[in-house]
Amino acid sequence: MLIQKKMYLGSFLLLLFALIILSGIMQLVVTPIIKNDAISSAKLQAKVIGESLAKDLAKSATLTQSLAVVAETLPLQQAAFIENIAPLIASGKGIAGGGIWPEPNKMLPSAEKASLFWAKTGNGQYKLLDDYNQPDSSAYQQESWYKNAIKANRGECVWSEAYVDTVSNVPMVTCSVKIIRDNQFWGVATLDVDLASIESSLLAENNATGTYNFILDSAEQLVSIPSIRNTNLAMMSLTQVASKDSSLKPLVSALQNGNTTVAEFASGVVKNDQSILVTYSLAAQNWRSGVIIPAAIAKKTVNTLTYYLYSSFIALILAFVSVLLIFGNRLVQQINTTTEQVRMLVQGRTNSKLAVRGSDEMSHLCVAINDYGDHLIKILEQIQAEAAAVKNNAEAMDNLSNNSQIRTQELMEENNMLAEAINEMSIAASSASQDVLSVADITTQSADLVNSGFDVIEKNAESIQLLFDKLTESSDAISRIAQDSKQVGSVLDVIMNISEQTNLLALNAAIEAARAGESGRGFAVVADEVRTLAHRTQQSAGEIETMISQLQEAASRGVNVIGQCREYSEVVNERSATTRAQYESIVTAFNDIKERSSSIAVATEEQSQVTENVKNLAERIREISVQNASDAEEFRSVSKDSNSQAQRLYQISQQ
C-alpha cells in the first residue's frame, strides 16, 4: 500500500477513533457526571421549593400560634377578640381566612357555636362571617381539624389535608392550634392558607427550568403538579391519579414508597421521554416537594456540550488531518522525486540533482542523496579507471600466458628431442660396451692362442688389426658421445633459460594476480605452481648438466685410452714382422691389452650406466615439460577467463 493511501486511511481511522473515544467519554464519563449534576440541581430545586413552602407555612403556623396565645389572654368579650384578632389575621401573607373557634358556652353563655371567622373577600379585605354559627350549620366542633387540634400539644400547629374551598374554589390548607384558658381546653385558633400561589410559583418554575414540580401533602394528595398532563391533577390523591392516568403509575409507586428520594422512569411519566424523580421532605408539615426532570432536560447540557465538543473536536481533527495530508502529500512528492532521482542514477544519468527547498528533514535527505550520488559517481569513475587498468592487465596477462604456453610447448618438444638423443647415446654407449667386452674376449683368446702356439700369431695379427678397427670405431663412438654430450649441454642451457623465463613469467603473473585481488586468486595459484615447476626444471637441468659433465669427462678419458690403444695397435701391427723374436714381449703386450681392455670394459660399463641415468633424467624432464605444458594450458584458460571478466567489468563501467 502506498504511503499516500496509508495517510488517507490513517486520517480516517484517526478521525473515527477520536469520535469513538469522544463518544465513549461522553457516554461513560461526561453523561453520568452531568446526570448526577442534574439530579443534584433537581434536589436543590426541590429543596428550595420545599423550604420556601415550608417557610411560608411556618410563618402561617407562627401567626396561628400567636392567635392562640392572644385568645388565651384576652378577656372573654367578643369585642376584645374582634379588636385584637382581626388585625393579626390581616397581617398574614397568603391568608385566605382565620378565626377563633371556642368550645360551646365558652365565649358566650348558652351559645353552642360562637366562632369568630374572618374570610378574605375579592377586594382583599377580611370580613367577619357568622355562617358557621347559624343553627342550620353543622357543629364545627365535629370537624376533623378541630378534633386533631384537641389531640395536639399546646402551641402545636396541626395542618389539615389540602382541600378546595367550596366557596372560593381555591385550594387551601388549615393550621389549627388549640387554646388553653384556665388550664382547660377552651377552643381552637385557625388560619386558612391560600395555596393558589403555589400553583403559579410551580408553573413559573416549570417554564423556567423545563421540569415538572409538585407538592404532595401528608395525606399523599397532590397539592399541585402543573403542566405534566393536560388534565388538572391538583388536589387528587395518588390513588386517584393512578386510576385517572395509568402512565403515571410508576410515579405514584415511587411517591407511595416514602423512602424513595431519587427514581428513574422509562418513557411514559413524561410523554415520549425518560425522566428522573427527585423529592424533598418537609419534616414540620410532613409534606414533600418534588421535581420530575425529563431526560431531554437532564441531557440538555450533555447534548449542548456534546455538540460543541464534537464540533470543536471534529474541526480540530479535520484541521490536523488537513495539515497532515498537506505535509504528507508534500512528503510523498519529495519521496517520489527522490525515487525518480535514484532511478536516474541507476540508468546512468548522473548529471541530475534533487532540488533542495527549505531546511526540513526532507531537504536534509535530498542533500544527503545528492552527496551520495556525487560519492557514487566518484566511485563509479574510480571503478571505470580500475576496470580499464584491469582490462589492460588482463590482456597483457593473456598475451603472457599465450607466449608462456608457446614456449612451454617448444620446451616440451626440445625435451622430447633431448630424450631421443640421450636414448640414442645410451644405445651407442651400450654398443661400445659390448664392443669393448668383445675386444677383451678377443684379447684373452689371442693371449691363449699365443700361449698355445706360434701358429696363432698370424691370426693374432689379424685380430690386432680387427682390434685396431674396433678401437677406431670405439673412438668415433666415444667422440660422438662427447659431441652429443655437448649438444645435451646446449639443450640444457636452453632448458635453463626457458625455466628462468618461465619463473620470471610466473612471478609476473603472481604479481598481476595479487593486483587483481579476489578475481585473480585462482590465477595466482596457477602462477605459483608454474613457478614451482620452473624451479624444479632448473634443479633437474642442473643435475643433468652435472651428469653430462661427468659423461664428457669419462668420454674424454675413453677417447684418450682408445687413442693409446690405437697407438699400441699400430705398434703391434708394425712389429708383427718381428713377433717371432719378441714372443715374450707380445705375450706381455697382450696381457697388457687384456688388462686395458678390462679397464675399458669397466669404463664403458660405467659410461653405459651414466648414459642410462641421463636417459632417466631426460625422461623426467620430458614428464615435467608435459606437466608444464598442461599447467600452461590451464594458466591460459584462467587467463582467458580473467580477460573475459575484465572485459565485462570494463563494459559495465562504461554504462
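For the peptides 606-616, 200-210, the ranking by mean Cβ contacts within 10 Å, running from highest to lowest, is 606-616, 200-210. Ser637 to Glu340: FRET efficiency via 1/(1 + (r/R0)^6), r the Cβ-Cβ distance, R0 56 Å, to the nearest 0.05? After rounding to 0.05, the efficiency reads 0.80.
As a proxy for reagent exposure, Lys249, Lys35, Lys5 were ordered by neighbouring Cβ count within 10 angstrom, fewest first; the result is Lys5, Lys249, Lys35. Between the Cα long axis of helix 3-25 and the first principal axis of the chain there is an angle of about 30°, rounded to the nearest 10.
For Val494 and Asp37 in the same chain, what is the full-extension length gain: residue separation times 0.36 nm, less their Cα-Cα distance, in nm?
Taking 0.36 nm per residue and subtracting the Cα distance, the gain is 152.6 nm.
Applying the Karplus relation 6.51 cos²θ - 1.76 cosθ + 1.60 with θ = phi - 60° to region 327-336 yields 3J(HN,Hα) values of 5, x, 5, 4, 4, 5, 4, 5, 5, 4 Hz, where x marks Gly and Pro. Close amide H pairs (under 5 Å, H built 1.01 Å from N) link Arg181 with Trp186, residues at least 5 positions away or on another chain. Highest mean packing comes first when the peptides 87-96, 164-173 are listed by Cβ atoms within 10 Å, giving 87-96, 164-173.
Listing Phe185, Phe635, Phe117 from fewest to most neighbouring C-beta atoms within 10 Å gives Phe185, Phe117, Phe635. Only helices enter this figure: runs of n ≥ 4 DSSP H residues, each worth -39500 (n - 2.57), summed and divided by the residues of the chain, yield -25000 deg cm²/dmol at 222 nm to the nearest 500.
Can you give the angle from 0 to 90° between the axis of helix 361-452 and the longest principal axis of the chain, with both taken from C-alpha atoms, to the nearest 10? With rounding to tens, the tilt is 30 degrees.
3J(HN,Hα) along region 231-245, derived from phi through the Karplus expression 6.51 cos²θ - 1.76 cosθ + 1.60 where θ = phi - 60°, amounts to 7, 7, 9, 5, 6, 9, 6, 4, 5, 5, 4, 5, 6, 6, 9 Hz, with x in place of Gly and Pro.
Ordering of 251-258, 503-510, 62-69 by packing is 62-69, 503-510, 251-258, highest average first (other Cβ atoms within 10 Å, averaged per residue).
Assuming a ≥ b ≥ c are the square roots of the Cα gyration tensor eigenvalues, decide whether region 74-194 counts as rounded (a/c under 1.5), prolate (otherwise, with a/b larger than b/c) or oblate.
rounded
The lysines within cross-link reach of Lys353, meaning a Cα-to-Cα straight distance under 18 Å and a gap of 8 or more places when in the same chain, are Lys378. Evaluate the chain: find the radius of gyration of its Cα atoms, find its Kirkwood radius, and give the ratio Rg to Rh. Result for the chain is an Rg/Rh of 1.85.
From the Cα gyration tensor of region 497-572, with a ≥ b ≥ c the square roots of its eigenvalues, which class applies: rounded if a/c is under 1.5, or else prolate if a/b is larger than b/c, or else oblate? Prolate shape, in that a/c is at least 1.5 and a/b is the bigger ratio. Measuring r between the beta carbons of Ile150 and Ala196 and using R0 = 45 Å, the FRET efficiency lands at 0.95. Counting only residues at least eight positions apart within a chain, or on another chain, the lysines with an alpha carbon under 24 Å from that of Lys55 are Lys43, Lys47, Lys93, Lys120, Lys178.
Close amide-amide hydrogen proximity is noted between Met235 and Leu222, Val223, Ser224, each under 5 Å apart and 5 or more residues distant or on a separate chain (H modeled in the peptide plane; Pro and chain starts excluded). Rounded to the nearest Hz, the phi-derived 3J(HN,Hα) couplings of region 221-230 under the Karplus curve 6.51 cos²θ - 1.76 cosθ + 1.60 (θ = phi - 60°) are 10, 6, 5, 7, 8, x, 6, 6, 9, 5, where x marks glycine and proline. Computed extension gain for Val323 through Ile20, at 0.36 nm per residue and net of the alpha carbon distance, reaches 106.9 nm.
A crude spin-label estimate for the pair Gln465 and Lys127, with each label 7 Å from Cα along the Cβ direction, gives 21.4 nm. Please state the shape class of region 199-316: rounded when a/c is under 1.5, otherwise prolate if a/b exceeds b/c and oblate if not, all from the C-alpha gyration tensor. Taking the square roots of the gyration eigenvalues as a ≥ b ≥ c, region 199-316 is prolate. Between helix 78-91 and the chain there is an angle of about 20 degrees, using the helix long axis and the longest principal axis of the Cα atoms.
Take every Cα pair under 8 Å whose residues are at least 6 apart in sequence, average their separation, divide by the length of region 74-194, and the relative contact order is 24 percent.
Put simply, the amide H of Asp165, placed in the peptide plane, has neighbours under 5 Å in Val170, Met172, leaving out anything fewer than 5 places away on its chain.
Taken together, the values in this text are just the output of simple stated rules run on the coordinates, not laboratory data. All figures in this text were calculated on a predicted structure; none of them were measured in a lab. Cβ atoms come from the backbone with ideal geometry, glycine included; neighbour counts cover every protein chain shown.
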